[in-house]
Amino acid sequence: MVGWAIAVHGGAGVDPNLPTERQEEAKQLLTRCLNLGISALRSSASAIDVVELVVRELESDPIFNSGRGSALTEKGTVEMEASIMDGNGRRCGAVSGLTTVKNPVSLARLVMDKSPHSYLAFSGAEDFAEQMGVEREENNYFITEDNVGMLKVAKEANSIVFDYRIPISGYESCGAGVESPIRMNGLPISVYAPETVGCVVVDSQGNCAAATSTGGLMNKRTGRIGDSPLIGAGTYACNVCGVSCTGEGEAIIRGTLAREVAAVMEYKGLRLQEAVDYVINERLDDGKAGLIAVSNTGEVAYGFNCVGMFRGCATEDGFMEVGIWE
């Protein structure tokens with residue numbers, strides 16, 4: 001028996017000028033989700049059940065970029081993705097390209113539990129959702145007025161960054177001919193909203209689990225797949241730890257960030273926070289990202305190399321923290 005621990009995130013990279021009321025709304029949602037998970041853990045729920053429960057709650061609130069409130073594609077539509085992993089046996093499920101599924105993380109759980117596969121995408125994932133009878137909505141349900149406005153800014157900005165990860169003082173009034181100072185895969189990137197959501201849990205049996213869900217990049221190409229549904233990149237759980245990542249998806253994919261945390265714990269013998277710090281500092285190259293993690297001994301940790309990360313964590317011994325900035 002170990003002490004349980006839980007962590008949640010609502011995305012790495014926060015506008016330093018984010019209005020106070022928006023900060024408070026975000027922290028209230030994170031607190032509500034933490035308390036939901038804590039209540040389930042006190043009732044002896046398993047780690048895999050708790051991460052699904054918490055991420056469903058995050059997907060159902062439009063504050064962050066997942067489920068309702070997802071970022072919009074270049075065509076003004078929503079394409080959502082999610083993954084979930086049970087460290088007990090390293091079972092996993094993932095989905096991409098969802099346009100109607102109300103809670104993508106639960107469809108990912110069904111891929112894990114009810115299919116012979118680990119990953120389903122686009123029409124195949126939608127067909128599976130229909131077979132499984134999951135709750136579905138028209139695409140308009142997921143689209144918010146805020147995101148319609150942000151997409152408009154993205155299109156007008158062209159290659160100018162409107163980026164929540166890094167302050168862009170000096171670029172606000174630049175003309176369209178000025179190149180973005182932020183690059184992804186070596187190319188200037190356009191506007192996007194990085195507020196992916198995730199949850200990691202270790203239960204009282206020492207079992208770890210992780211889940212991540214997102215609408216992806218604002219103004220992304222249709223068909224783009226990020227790190228969130230990729231096991232080992234955005235999500236990973238094993239008998240050592242559980243990890244959920246957020247931020248610049250392409251950098252997280254290149255660094256196999258979530259798996260790296262487990263790897264340096266296994267092969268270097270690092271403790272959880274040491275492993276998180278090592279991976280954030282050594283595996284992101286020029287990328288900007290953050291992650292949350294738990295270990296099989298009841299530790300909880302987080303790290304990020306950008307301007308803030310919406311996060312919260314709690315442990316069985318009574319520790320609880322909700323924050324945004326360093």
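The values are calculated or read from the model by the stated rules, or taken from the named source; none is laboratory data. None of these values were measured; they are calculated from a predicted model. Cβ sites come from the backbone with ideal geometry, for glycine too, and all protein chains shown count toward neighbours. For the accessible areas, the whole protein counts, side chains as well, though only heavy atoms, and no ligand, DNA or RNA atoms are used. Shrake-Rupley method; radii C 1.70, N 1.55, O 1.52, S 1.80 Å.
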Item to check | helices (runs of 4 or more DSSP H) wholly inside the stretch 53-165 that include at least 3 residues being more than 21 Å from the chain's Cα centre (by Cα), farther than 28 Å from Gly287 by Cα and of a type in the set (Gly, Ala, Ser) | outcome: 122-132
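In the list Arg283, Arg311, Arg271, which residue meets the criterion of being charged (D, E, K, R), open to solvent by less than 40 Å² (accessible area, probe 1.4 Å) and modelled with pLDDT of 95 or more?
Working: Arg283 fails: open to solvent by less than 40 Å² (accessible area, probe 1.4 Å); Arg271 fails: open to solvent by less than 40 Å² (accessible area, probe 1.4 Å).
Only one candidate passes the filter, namely Arg311.
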Checklist outcome for this item: A careful count of residues in the stretch 61-98 that are without any contact (Cβ under 8 Å) to a residue 60 or more places away in the chain and open to solvent by 50 Å² or more (accessible area, probe 1.4 Å) gives 2
Checklist outcome for this item: Residue pairs qualifying under the 6 Å Cβ cut-off, at least six apart or on distinct chains, with the first in the stretch 117-135 being more than 17 Å from Glu79 (Cα to Cα) and the second being open to solvent by 30 Å² or more (accessible area, probe 1.4 Å), are Met132/Leu110
Checklist entry - Which of the following residues is within 30 Å of Gly76 (Cα to Cα), more than 14 Å from the chain's Cα centre (by Cα) and among the polar types (S, T, N, Q): Thr297, Thr235, Thr222? => result Thr222
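Does Asn219 qualify as being in contact with a Lys or Arg (Cβ under 8 Å, 6 or more places away or on another chain), under 19 Å from Gly13 (Cβ atoms) and open to solvent by 10 Å² or more (accessible area, probe 1.4 Å)?
On the way: in contact with a Lys or Arg (Cβ under 8 Å, 6 or more places away or on another chain): yes; under 19 Å from Gly13 (Cβ atoms): yes; open to solvent by 10 Å² or more (accessible area, probe 1.4 Å): yes.
Criteria met by Asn219.
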Checklist entry - Which of (1) within 30 Å of Leu18 (Cα to Cα); (2) at pLDDT 95 or above; (3) surrounded by 19 or more Cβ atoms within 10 Å (Cβ to Cβ) does Val161 not meet, given it meets every other one? => result (2)
Item to check | Selection count, the stretch 9-33, where residues are assigned to a loop (DSSP other than H, G, I, E, B) and either open to solvent by less than 50 Å² (accessible area, probe 1.4 Å) or touching a strand residue (DSSP E or B) at 6+ places or on another chain (Cβ under 7 Å) (or both) | outcome: 4
